[in-house]
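K.L.:
Okay, handing you the structure first.
Just so you know, all these numbers are worked out from the coordinates, no wet-lab data involved. Owing to the predicted nature of the structure, the values given are computational and were not obtained by experimental measurement. Virtual Cβ from ideal backbone geometry, glycine too; neighbours counted across all protein chains shown.
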Amino acid sequence: MSSRHSVFTSGNTAVISGGASGVGFALAKKCVGFEMNVAICDINAENLESAVGVLKNGGKTQVEGVVVDVGVGVVGDYVKVRKVVEERFDGKISLLVLNAGMGIRTTTPWEDPTYFEKTFQTNIFGITNGLCVLLPLVLSQSSPSTPTSIIITGSKQGITNPPGNPAYNASKAAVKSITENLALNLTTKSPSTSVHLLVPGWTFTGMTGNVGTRGGGGKEKPAGAWWPEQVADYLERKMGEGQFYVVCPDGDVSEEMDRKRMLWDRLDLEEGRQPLTRWREEWKEAEKR
């Protein structure tokens, strides 16, 4: 039977990038519900202001908003985040959530270097910048009596690699690799720090029409999509079970189907097939979709 992960404890501090909407905001609400202090970071100042206002309702915890472009420079705006944590939260982070990401669509990926550059800058360097600047604040807080956690948001596209958005797929594959290596390293360097790769399913976020906290003009949630809060609840449960890979199902795709799809990708390599057979015409009748 799973239990709540001890990082969700009153008085602990969470830092969440991409925290003004979607899954990041859902996690921020969960943390505030546990009376944790929260610093949410987002590139959209308007969304950030609205999100902070919602989270502060009730006033039981301290909530700070920091406008951040996670991909800027070598360590970018994360230096601002570190300063806020040092000044407002005694320099301690119990839960670090590196969730900010973006997806760009183009019909000419092989002719547009900025498509790859911008995607990698946010989705890869937005993670590594955050780790380089904020990881020391997580590890300094971590001990057997006060364990800490790191959540990094990946994507199923970084595992199954569907056609259509190679830069996004590659960036999320890199995130998976980075997070796996981080987890292994911390098993000896900081064994009281747990690491979790969050892989959402189909989720109703800003990328799919959810306008978040500001309301107005949004689309209706598709029947098969999960709410961000469902992803946050599933993540919390799997963290309590000690899971590293948190691959979320949704209303259309079961956990069993996810496992089959991920295995299919690996079988292309193991069996020496052509890449991405799942989407090739000659394989369309196979029981694999």
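K.L.:
Expressed as an acute angle from 0 to 90° and rounded to the nearest 10, what is the orientation of the C-alpha long axis of helix 113-123 relative to the principal long axis of the chain?
P.N.:
In the chain, helix 113-123 runs at an angle near 50 degrees to the longest axis.
K.L.:
Of K30/K238; K83/K238; K118/K260; K56/K156; K176/K284; K118/K172, which sit over 21 Å apart, Cα to Cα? Show your work: numbers first, answer last.
P.N.:
Working: K30/K238 15 Å; K83/K238 31 Å; K118/K260 32 Å; K56/K156 33 Å; K176/K284 28 Å; K118/K172 13 Å.
Pairs exceeding 21 Å: K83/K238; K118/K260; K56/K156; K176/K284.
K.L.:
Based on the mean of other beta carbon atoms within 10 Å per residue, what is the order of 265-277, 245-257, 168-180, 147-159, most packed first?
P.N.:
Numbers: 265-277: 11.8, 245-257: 15.8, 168-180: 20.2, 147-159: 23.0.
Sorting 265-277, 245-257, 168-180, 147-159 by mean packing, highest first, produces 147-159, 168-180, 245-257, 265-277.
K.L.:
With point charges of +1 on the Cβ of Lys and Arg and -1 on the Cβ of Asp and Glu, referenced to the Cα centre of the chain, which listed residue (N44, A28, S17) lies farthest in the positive direction of the dipole?
P.N.:
Checked the options; the winner is A28.
K.L.:
Another question, then. For the Cα atoms of the chain, what angle does the longest principal axis make with the long axis of helix 22-33, in degrees from 0 to 90, nearest 10?
P.N.:
In the chain, helix 22-33 runs at an angle near 30 degrees to the longest axis.
K.L.:
Hey, how many Å between the Cα centroid of the stretch 110-145 and the Cα centroid of the stretch 228-257?
P.N.:
Value for the Cα centre distance between the two parts: 23 Å.
K.L.:
With bins 10 Å wide starting at 0, give me the P(r) of the chain over every alpha carbon pair, in whole percents.
P.N.:
Pairs per bin, as whole percents: 6, 28, 37, 21, 7, 1.
K.L.:
For n ≥ 4 DSSP H runs only, could you compute -39500 (n - 2.57) per run for the chain, divide by its residues and tell me the 222 nm figure to the nearest 500?
P.N.:
Numbers: 9 runs with 119 residues, N = 289.
Mean residue ellipticity at 222 nm (helix-derived): -13000 deg cm²/dmol.
K.L.:
With bins 10 Å wide starting at 0, give me the P(r) of the stretch 107-209 over every alpha carbon pair, in whole percents.
P.N.:
Bins of 10 Å from zero give 14, 40, 30, 14, 3, 0 percent of pairs.
K.L.:
Give, in nm to one decimal, the length gained when the segment between K80 and D252 is fully stretched (0.36 nm per residue of separation minus the Cα-Cα distance). All intermediate terms of the calculation are to be shown ahead of the outcome.
P.N.:
On the way: separation 172, 0.36 × 172 = 61.92 nm, distance 4.02 nm.
Additional length available on full extension: 57.9 nm.
K.L.:
Next question. Expressed as an acute angle from 0 to 90° and rounded to the nearest 10, what is the orientation of the C-alpha long axis of helix 166-189 relative to the principal long axis of the chain?
P.N.:
50
K.L.:
Now, a different point. Of all DSSP beta bridges located in the stretch 13-253, what percent are antiparallel, nearest 5? Please report the intermediate quantities before stating the final value.
P.N.:
Values: 1 of 28 bridges.
Here the antiparallel bridges make up roughly 5 percent for the stretch 13-253.
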